[in-house]
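The values are calculated or read from the model by the stated rules, or taken from the named source; none is laboratory data. What you are looking at is a predicted structure, and each value in this text was computed from that prediction instead of being measured. When we count neighbours, we look across all protein chains shown, and the Cβ atoms used for this are built from the backbone with ideal geometry, even at glycine. Side chains are part of the model used for accessible areas, which takes the heavy atoms of the whole protein and leaves out ligands, DNA and RNA. Shrake-Rupley method; radii C 1.70, N 1.55, O 1.52, S 1.80 Å.
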Amino acid sequence: MSNEILGEALPFDEKIVLKSWAHRNVSEQEYLEYHRKSVENFKESWESVAKELEWFTPWEKVMEETQNKNVYKWFVGGTTNISYLSLDRHVKTWRRHKVAYIWEGEPVDDQGRPKEVRKYTYYDLWREVNRVAYAMKTKLGLKKGDRIAIYLPMIPELPIVMLAAARLGVIFTVIFSGFTAENIASRVNDLNATLIFTADGVYRRGKILKLKEIVDQSLNLTPSVKRVIVVRRLGGEVQLGQRDVLLEELLRDVPSNAYVEPERMESNETLYVLYTSGTTGKPKGMIHDHGGYATLLHATMKWVFDARDDDVYFCTADIGWVTGHSYIVFGPLIEGLTSILYEGTLDTPAPDRWWSIVERYGVTILYTSPTGVRTLMKFGEDYVKKHDLSTLRVIHSVGEPINPSAWRWLFQVVGNGRAPVGSTWWMTETGGIMISHLPGLMLVPMKPGTNGYPLPGVEADVLDESGNPVRPGERGYLVLKNPWPGMPAAPTGIWGDHERYVKTYWSKYPGLFYAGDYAVKDKDGYIWVAGRADEVMKVSGHRIGTYELESVLVSHRAVSEAAVIGVPDQVKGEVPIAYVVLKVGNQPSEEMRKELMDWIRNNYGPIGLPKALFFVTKLPKTRSGKIMRRLIRSVATNSPLGDITSLEDVGSVDEVKQAYDEFVKSIK
Ligand code: 6R9
C-alpha cells in the first residue's frame, strides 16, 4: 500500500484556507505551539475542560494509574451523572423548552414528505427519561451496577432508554439493530445482562425489519435474560411471551411528573460497554465511564464542531455504533443542542433524503461518513442542488479514511466552498475524537483527506516497527502517547478482560496506546490515517473482524476452512471477500455459494456479506498451520507477495490467485 486512499494520491502539499473563517484561521506553527503547551500540561488542560461541566462533588485528583496496568482514572473521586449533564442541567435554564431532538421516521407520503416527525424539547426528554427510569427502578427492580442490553433502532426511545439507564447507574450495551441473534447472544452473555429492550420492528429502506423476532431467537442462547421490554414502533399487535412486556404497559401508571434522582456516579464508574471487533476471539466490550467521557465529548463538541446554541446538528450515523453514542446521544445533549434523529436509509425514497433533511430543518452542522458521501456522489450533483443547503457551516466525516475526491465533493458540492470540512479520527476505544480539524478553536489550512492535527492534550505519533518515528511522508503505525479522558475505563478497559486490554493496546509499544491503524505524517505534521494495520475491516465504516466472518463460515455444516480478507472498494471503502474449503463430500456449486451467503446474512447480518466467495481446495498457510491472510490479500490486490519462505504449499497461492482472476474476469 502506498500513500493513497482508494487509489488516490494523498495531496500533502495542497492547502486550503477559508477566508470566511478568518476569525479562527491560524498557521500550522501557531497551532503546534499551542498544542505543545497543552500536551506538556495535559492533565491541567483536560482539567480546565472538566471544570466547565457540572459536578455533584469535585475530584480529588485529576488522573492516576490504577492497580490494573494501563487503566487510568480521570477526575478521581469527583461525582456526576451523564444523564444529569445531558438533561437536568438544561432543564434548569432557558433551554428547558429548546428542542433537543427532531425525529423523522423513514416512511414518506406521496409528496415525499416524512409521514412522522416527533419533536422533543429538553423538558419533554427529561420527563420521558425520568418516567422510564422510574419504571426501570420500581417495576423492573433495576439498580446501579445491573446490566441491560438495548437492541433498538433509530427511534427516540433508544436515547431515552440509554439516558434512563445512565441516570440509575445501570450499565447498558447497545447492540446495532442490523445484527443477528448470535451477535445479540454473545454480547448479552459476556455482559451477563438480565434484560433486553427492543422494538417490534423498524422501517428500513421501505421494508419492515422485525426486531423482536430476532431477539426471540437469541433468547435460547441467553440464559441470563429474565425480561424483554418491547417498544411498539410499527403499531400493530405484538406477540408477547411470558418474559415480554410492552414499554407502554410498563409506563401506563407511571405519573407524568415522575422524578428519579440521578445516581451520584463516581467519575470512573461504568456508563456503558460497547462491543467492537478485534483481530482474534470474540468482540471486545469497551468500557466507558461518566466523568472523563463527558469531558472529552464536551471538548470535542466545542473544538471540532464549534457547537453553538443556534445550531441544528445532524449526525447521520446509527446510535448502535460508537459514533452515535458519543455524537448523537451524549455529546450534543451535553451541549444543549438541537439535533436530528433519522430512522432510515440515505436513499429512501430517493438519494436526496439527507439533503431534504438539511433543508427542512436548516441543519448547520453535518457529521457524516465517507461511504455515505461516495454512495451519494454516484447519483450526481442534481440531487444536492435541488435543496437549499446554505445553512451548513461545519462538516465532518468519520469511520474510515476519506479519499480526496469525496472530500472535494463534500467541500464544493455540499458545503459550497464555505464550510470547513474535516475527517475526524477516533475509535470505539478512544470514546471521542482525537485527531481532527478544529474550526471551533483554531483552524489550520485544510488538506483534502487529512485528519489534521491531534487535539489539544492529545499527543499522537507515527512509528515504525521498532518504535522510532517514521520520516515525513512514510507510512507507520499510529500511537497515542498520553492517557486522555474518555479512554477505555476502569476497572479493566475491556469488560472482564484486563489482560486482553493490555495485550491489544499497550504491548506493541509499551507505555503507548497502539491504535492498530496505518498512518502517515506529512512534513507539516498533519496525520493521514490510511486504514487498518490488522485483521479488522472497515466496511462502509462498520468495523468487522475477518475472523468473525470466518467463524460464521466454518460453523456451516459443509465448510472445513475459511479465510476472509478485506479488499478496497470504491464505495464501501473496503469489502470482505471469502475463500472457502469445503468438507469432503461437498461440491462447490452456485447453490452452495448462495447457501453460504445466506448463512452469513442470517448469522452475522447483511453488513458482513462478502463481495465474492471462492471455493478452493487449500488455503495458503504457514508450516505451523496459520492462514497467511497477508498473502491472500496481496494476490487480491495485485501487490508483491513479499516473503513466502514460511509458506507450506506454494500451490495454494496459485489456486487463490486463479480463483481471484476468474472473479475479476467475471465482473468485467
Ligand atoms: C469512530 C469509529 C475505528 C477505526 C479506526 C480507523 C477508522 C475512523 C477515521 C478512520 C481514517 C478517519 N477510522 N475514523 N480512518 N480517517 N476519520 O469509526 O470507531 O468503529 O471503532 O472504528 O475506524 O481505522 O481505527 P470504530
**Asked** Residues in the stretch 1-45 that are among the polar types (S, T, N, Q) and touching a Leu at 6+ places or on another chain (Cβ under 8 Å): how many?
**Response** 2
**Inter-residue pairs, beta-carbon under 7 Å, first of a type outside the set (S, T, N, Q) and in the stretch 136-160, second modelled with pLDDT under 95 and surrounded by 24 or more Cβ atoms within 10 Å (Cβ to Cβ), 6+ apart** = none
**Asked** Just to be sure, is Val554 open to solvent by 10 Å² or more (accessible area, probe 1.4 Å), within 27 Å of Glu4 (Cα to Cα) and hydrophobic (A, V, I, L, M, F, W, C)?
**Response** no
**Request:** Report, by residue number, each residue of the stretch 356-398 that is open to solvent by less than 10 Å² (accessible area, probe 1.4 Å), more than 16 Å from the ligand (Cβ to nearest atom) and without any contact (Cβ under 8 Å) to a residue 40 or more places away in the chain.
**Result:** Leu376, Val384, Leu392
**Asked** Does Trp528 satisfy the criteria of being under 25 Å from Thr276 (Cβ atoms), away from the ligand (no atom under 16 Å from the Cβ) and either open to solvent by less than 20 Å² (accessible area, probe 1.4 Å) or in a helix (DSSP H, G or I) (or both)?
**Response** no
**Request:** Return the pairs, sorted by first residue and then second, in which the second residue is of a type in the set (Asp, Glu), the first residue lies in the stretch 533-560 and is under 19 Å from Phe614 (Cβ atoms), the beta carbons are less than 6 Å apart, and the residues are 6+ apart or on different chains.
**Result:** Met537/Glu574; Val539/Glu574; Thr546/Glu535
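Taking Glu465 as the residue in question, decide whether it is within 14 Å of the ligand (Cβ to nearest atom), of a type in the set (D, E, K, R) and not in a strand (DSSP E or B). If you could, list the steps in order and put the result at the bottom.
Details: within 14 Å of the ligand (Cβ to nearest atom): no; of a type in the set (D, E, K, R): yes; not in a strand (DSSP E or B): yes.
No: the conditions fail for Glu465.
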**Request:** Scan the stretch 502-525 for residues that are of a type in the set (Lys, Arg) and more than 16 Å from the ligand (Cβ to nearest atom) and jot them down.
**Result:** Lys503, Lys523
**Asked** Does Lys503 satisfy being touching a strand residue (DSSP E or B) at 6+ places or on another chain (Cβ under 6 Å), open to solvent by 10 Å² or more (accessible area, probe 1.4 Å), modelled with pLDDT of 95 or more and closer than 27 Å to His542 by Cβ?
**Response** no
**Message:** Going through Val571, Val635, Val567, Val581 one at a time, which residue ends up being outside the structural domain of Pro283 (by TED's automatic domain parsing) and assigned to a helix (DSSP H, G or I)?
**Reply:** Val635
**Prompt:** Only one residue in Gly285, Gly281 is in the same structural domain as Tyr514 (by TED's automatic domain parsing), farther than 20 Å from Asn130 by Cα and in a strand (DSSP E or B). Which one?
**Reply:** Gly285
**Item:** Counted residues, the stretch 234-273 - those being touching a residue at least 40 places away in the same chain (Cβ under 8 Å), assigned to a loop (DSSP other than H, G, I, E, B) and of a type in the set (Asp, Glu)
**Value:** 2
**Request:** Considering each of Ser369, Ser339, Ser390, Ser397 in turn, give the residue that is among the hydroxyl-bearing types (Ser, Thr, Tyr), over 17 Å from Ser540 (Cβ atoms) and under 20 Å from the mean Cα position of the chain (by Cα).
**Result:** Ser339
**Prompt:** Which helices (runs of 4 or more DSSP H) does the stretch 332-445 wholly contain that include 1 or more residues that are under 30 Å from His97 (Cα atoms)?
**Reply:** 353-361
**Asked** So is Tyr101 assigned by TED's automatic domain parsing to the domain that holds Val363 and either in a strand (DSSP E or B) or of a type in the set (A, V, I, L, M, F, W, C) (or both) or not?
**Response** yes
**Fill in**
Going through the stretch 307-325 in order, the residues found to be open to solvent by less than 10 Å² (accessible area, probe 1.4 Å) and either out of contact with any strand residue (DSSP E or B) (no Cβ under 6 Å at 6 or more places or on another chain) or more than 14 Å from the ligand (Cβ to nearest atom) (or both) are Asp311, Tyr313, Phe314, Ile319, Gly324, His325
**Prompt:** What about Val230, is it surrounded by 17 or more Cβ atoms within 10 Å (Cβ to Cβ) and assigned to a loop (DSSP other than H, G, I, E, B)?
**Reply:** no
**Prompt:** Which ones in the stretch 429-443 are open to solvent by less than 10 Å² (accessible area, probe 1.4 Å) and over 28 Å from Gly278 (Cα atoms)?
**Reply:** Leu438, Pro439, Leu443
**Prompt:** If Leu221 satisfies every condition in (1) away from the ligand (no atom under 16 Å from the Cβ); (2) part of a loop (DSSP other than H, G, I, E, B); (3) open to solvent by less than 20 Å² (accessible area, probe 1.4 Å) but one, which is the exception?
**Reply:** (3)
**Message:** When the residues of the stretch 399-415 are narrowed to those that are farther than 28 Å from Gly516 by Cβ and of a type in the set (Val, Ile, Thr), which ends up least open to solvent (accessible area, probe 1.4 Å)?
**Reply:** Val414
**Residue check, Leu142 in the same structural domain as Gly324 (by TED's automatic domain parsing) and either assigned to a loop (DSSP other than H, G, I, E, B) or open to solvent by 30 Å² or more (accessible area, probe 1.4 Å) (or both)** = yes
**Item:** Every pair of residues 6+ apart whose Cβ atoms lie under 7 Å, when the first sits in the stretch 642-668 and is assigned to a helix (DSSP H, G or I) while the second is open to solvent by 90 Å² or more (accessible area, probe 1.4 Å)
**Value:** Glu655/Thr617
**Request:** Quick one: count up the residues across the stretch 415-433 that are under 23 Å from the mean Cα position of the chain (by Cα) and away from the ligand (no atom under 11 Å from the Cβ).
**Result:** 2
**Prompt:** Restricted to the stretch 104-134, and to residues that are hydrophobic (A, V, I, L, M, F, W, C) and in a strand (DSSP E or B), which residue is farthest from the chain's Cα centre (by Cα)?
**Reply:** Val108
**Request:** Quick one: in the stretch 531-564, of everything that is within 22 Å of Ile319 (Cβ to Cβ) and in a loop (DSSP other than H, G, I, E, B), which residue is farthest from the ligand (Cβ to nearest atom)?
**Result:** Ser540
**Item:** Scope the stretch 584-600; condition open to solvent by 90 Å² or more (accessible area, probe 1.4 Å) and in a loop (DSSP other than H, G, I, E, B); matching residues
**Value:** Val584, Gln587
**Request:** Run Val656 past the list (1) among the aliphatic types (A, V, I, L, M); (2) closer than 28 Å to Ser540 by Cα; (3) at pLDDT 95 or above and report the number of the one that doesn't hold.
**Result:** (3)
